[in-house]
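Heads up: the structure comes next, in structure tokens.
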Amino acid sequence: MNPANQRRPLLGRVWVLPLVIVLGAAIAVAIIKSQPVMEHQAKPQPPTPARAVELQRHDVRPSVIGFGSVTPDVLLDMRAEIAGKVSYVHPQLKKGVILPADTLVIEIDDSDYRLALKKATATLAQNRANLAEQQLALKDAEQDLQLAKQKLQLAETELVRFEKLLTRGSVAKSSVDNQRSAVLQTQQEVQTLQNQLDVMPHTTEVLEAQIEIAEAEVQTQQLNLQRTQIRLPFNARIAGLSVEANQFVGQGASLFSAQTINKVLINAQFPLAKIRFLARGFDLKPNEMKALFDSGEDPSGLLQRLGLSARVRLAGDELPVSWNGKVERFSSNLDPVSRTVGVIIGVEDPYQQIQPGIKPPLIDGMYMEVELQGRPQPYWVVPRDALHEGELYLTGPQQQLQRMAVSGFAQQQMLLLDPNTAIPAETRVIISDLFPAVDGMPLALSPDPDTQALIQDWLEAH
């Protein structure tokens, strides 16, 4: 035997390595087969904690917010009704000053108009005298006609007697002719007087018409005298002055402008979609609504049947001050730029509600926020914070999550849902933010007293 082969290690031999590999594979297979079969065991998912409040329907007065500027109820542009020199201007007739009704603010020189009144009065007196003279002449003519008729009757009787005497030869023919001539003259006199009487009524009518003209002229001059004194027709705030003392003004010239202080108007603009939301509670037929919008007036008390009320606040004001408003009318068309509906709101006696430093008077140009409220209607009421990208997270008695897409009307901190929205009984709305939010996931609910109190306080305020 070769001594070199005797000194070679066992692993160095060729047949040893394959044998080791085969034995290792066999041992691995035996170990795997001896292991028990693996089974998947489902582990229950723990409920997700969440805060919730019960979803309920409540009667709520829906409201919308609009904005508009204050304008006076009446803006008077006082103009001169006559021409003349301004002889007096009230010392307080200045922009921004408030003056009481019937205050004499401007006076125009009345000398010419006093003379014109005297002339018109004299003309009237003359025409009345002419009429009185005409009435006397009429009476005289009637009496003269009566006498002439009697004279004619006597002459005709005398002519008949003469003609009888002529047949007997007791009187000359010339005497009969003379008597006949006398009868003709008397007839002519009667006819002349009758013609005068026929004309006199027309002359009287002319004189009476002249008297009416003269009386009208007297009234005109009296009015002109009154027009020389310009007085305020109402309690007014002066908006501007256009004349000065000793200035000549023509008829129709602007003198000053003034505005009422007992009432202001606000043309508040509201999006059409919001007006539609309020319109669900309107108690009007379609033809009545059309008449209300087309005419802009309310002759039949239709506005009262809408159940609308308004609260007015200064836009952007942090102080909780407001004014009660009244819906006066609707604009007859949409605003061409903003595509909004105009609702004219009236505020009575804004100057009587002043609180220095807190509640100012409503003056021309103030920008206001108007809250328009409708009549109470049933709605599902949920906090706006509970809305997640157009969906509500709801849960029923099984306390499993149900995501529901809704569309509602946002009103302050709340969201009003249509009462016809299909929501099962005993449904609660999740207030917490859930992530992830998977339909059917179990929930561990807890009440949210703060949110419930917020809803209750909001309901009491509306």
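The values are calculated or read from the model by the stated rules, or taken from the named source; none is laboratory data. Predicted model, so just to flag it, every value in this text is computed and none were measured. Note that we place each Cβ from the backbone using ideal geometry, even for glycine, and neighbour counts take in every protein chain shown. Heavy atoms of the whole protein, side chains included, go into the accessibility calculation; ligands, DNA and RNA do not. Shrake-Rupley method; radii C 1.70, N 1.55, O 1.52, S 1.80 Å.
Around the Cα centre of region 82-162, unit charges on the Cβ atoms of Lys, Arg, Asp and Glu (plus for the first two, minus for the last two) sum to a dipole of about 280 debye. For the chain, DSSP calls about 95 percent of its internal beta bridges antiparallel. In this label model, residue 351 and residue 331 are separated by 2.9 nm, measuring between points 7 Å along each Cα→Cβ vector. If R0 is 41 Å, the Cβ-Cβ spacing of residue 280 and residue 439 corresponds to a FRET efficiency of close to 0.85. Bridging of residue 274 to aspartates and glutamates at a Cα separation below 19 Å is possible for 59, 283, 328, 335, 369, 371, 418, once same-chain residues fewer than 8 apart are set aside.
In Å², and per residue, what accessible area does the chain have when probed at 1.4 Å with the other protein chains present?
So the chain comes to 62 Å² accessible per residue, rounded to a whole number.
Among the GluC sites (Glu not before Pro) in region 152-248, those placed in a DSSP loop whose Cβ has at most 14 other Cβ atoms within 10 Å are 244.
Over all directions, the projected convex hull of the C-alpha atoms in region 330-462 averages 13.0 nm² in area.
Given the pairs 85/263; 95/263; 326/359; 118/139, which span a C-alpha to C-alpha distance of over 23 angstrom in this model? Pairs exceeding 23 Å: 85/263; 118/139. Summary value for the chain: 27 percent relative contact order, contacts being C-alpha pairs under 8 angstrom separated by 6+ residues. Along the charge dipole of the chain, pointing to its positive end and built from +1/-1 on Cβ of Lys, Arg, Asp and Glu, which listed residue (99, 167, 275) has its Cα farthest out? Looking along the dipole axis, the top candidate is 275.
Taking the C-alpha atoms only, the angle from helix 286-295 to the longest principal axis of the chain is near 60 degrees. Dipole check for the chain: with +1 at the C-beta of Lys and Arg, -1 at the C-beta of Asp and Glu, and the Cα centre as origin, the magnitude is about 2200 Debye.
Modelled label positions at residue 319 and residue 83, each set 7 Å beyond Cα in the direction of Cβ, lie 5.2 nm from each other. Computed from Cα atoms, the angle from the helix 111-168 axis to the main principal axis of the chain rounds to 40 degrees.
Using r as the Cβ-Cβ distance of residue 181 and residue 149, and R0 as 25 Å, what FRET efficiency do you calculate, to the nearest 0.05? E between residue 181 and residue 149, to the nearest 0.05, is 0.85. The modelled label-to-label distance between residue 174 and residue 229, using points 7 Å beyond Cα along the C-beta direction, is 8.4 nm. Note on residue 121 and residue 166: with the Förster distance fixed at 56 Å, the Cβ-Cβ geometry gives a FRET efficiency of about 0.25.
As I understand it, the dipole of the chain uses +1 on the Cβ of Lys and Arg and -1 on the Cβ of Asp and Glu, about the Cα centre. Which of 361, 117, 319 lies farthest toward its positive end? It is 319. Our estimate of slack between residue 212 and residue 244, defined as 0.36 nm per intervening residue step minus the Cα-Cα distance, is 7.7 nm.
Contour minus end-to-end for residue 412 and residue 29, with contour as 0.36 nm per residue of separation and end-to-end as the Cα-Cα distance?
Residue separation times 0.36 nm, minus the Cα-Cα distance, leaves 130.6 nm.
Accessible surface of region 107-234, 1.4 Å probe: 51 percent of it comes from carbon and sulfur atoms.
Hydrodynamic estimate: the Kirkwood radius of the chain over Cα pairs, inserted into Stokes-Einstein at 25 °C and 0.890 mPa s, corresponds to D of 71 µm²/s. Axis angle, to the nearest 10 degrees, between helix 173-227 and the longest C-alpha principal axis of the chain: 30 degrees. For region 388-462, the Cβ-based charge dipole about the Cα centre amounts to some 180 debye (Lys, Arg positive; Asp, Glu negative; other atoms uncharged).
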